[in-house]
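Visitor: Have a look at this one before I ask anything.
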Amino acid sequence: MANNPFVHLDGITNVELMNLNHLTAELDEAKLRNFIQIYASRRKKAQDILLFTLLGLVIIAGVQRFVLGQIGMGIIYFFTGGFCLIGTIIDLINHKSMTEEYNIKIASEILLVVR
């Protein structure tokens, strides 16, 4: 664990760490460094998504969806007030899983580029 290059990423969870180790197991050192550099700049932290969701609850609904790249859902949230705040409240509860899903998707995309 001490030699794991992913443990230095801010706010990394155990699930994310296991997924990254599994995805990058076959990469050599140069490709792994390249992967980590790109991934660190594109990944989202659950705390940030929580803050954006709270912002959506109070000011502009759908901000968290735009940040996660879900433009269509962001527009729907914006025009419906976060489905009358019910969708935004559900996003408050599920912010960690939404972030993990986004990070896994981004890691897979970056892996295709690095290989």
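Visitor: Compute the acute angle (0 to 90°) between the alpha-carbon long axis of helix 14-23 and the principal axis of greatest extent of the alpha-carbon atoms of the chain; round to the nearest 10°.
Guide: Approximately 50 degrees, to the nearest ten.
Visitor: Expected output is a single nm value to one decimal: the length gained when fully extending between Q37 and E100, i.e. 0.36 nm times separation in residues minus the C-alpha distance. What is it?
Guide: Gain in length upon complete extension: 20.9 nm.
Visitor: Give me the Å³ per residue figure for the convex hull around the C-alpha atoms of the stretch 45-115. Present the calculation step by step, with values, prior to reporting the outcome.
Guide: Details: hull volume 4.8 nm³, N = 71.
Convex hull volume per residue, Cα atoms: 68 Å³.
Visitor: For a footprinting-style exposure proxy, rank E29, E109 by other Cβ within 10 Å, fewest first.
Guide: Going from sparsest to densest Cβ surroundings: E29, E109.
Visitor: For labels at K45 and N3 in the simple 7 Å Cα→Cβ model, what's the distance in nm?
Guide: The modelled label-to-label distance comes out at 2.9 nm.
Visitor: Additional query: Need one number: nm distance between label points at L17 and L54, each 7 Å from Cα along Cα→Cβ, rounded to one decimal.
Guide: Going by the 7 Å Cα→Cβ label model, 2.6 nm.
Visitor: Once you list every other residue whose beta carbon is under 15 Å from the beta carbon of V67, what net charge do they have if Lys and Arg are +1 and Asp and Glu are -1?
Guide: Working: positive: R42, R43, K44, K45, R65, K96, K105; negative: D48, D91, E100, E101.
Combined, the nearby Lys, Arg, Asp and Glu give +3.
Visitor: Restricting to DSSP H runs of at least four residues, report the calculated mean residue ellipticity at 222 nm for the chain, -39500 (n - 2.57) per run over all residues, nearest 500 deg cm²/dmol. Working shown, then result.
Guide: Working: 7 runs with 84 residues, N = 115.
Calculated at 222 nm, the ellipticity per residue is -22500 deg cm²/dmol.
Visitor: Next question, about the same structure. Using only Cα atoms, find the angle between the long axis of helix 71-84 and the longest principal axis of the chain, and express it within 0 to 90 degrees, rounded to the nearest 10.
Guide: Relative to the chain, helix 71-84 is tipped by roughly 40 degrees.
Visitor: Please enumerate, by chain and number, the lysines with C-alpha under 19 Å from the C-alpha of K45, excluding those fewer than 8 residues away in the same chain.
Guide: K96, K105
Readers should treat all values here as calculations from the given coordinates under stated rules, not as data from a laboratory. Predicted, not measured: the structure shown is a model, and the values here were computed from it. Please note: Cβ atoms are built from the backbone with ideal geometry, for glycine as well, and neighbour counts cover all protein chains shown.
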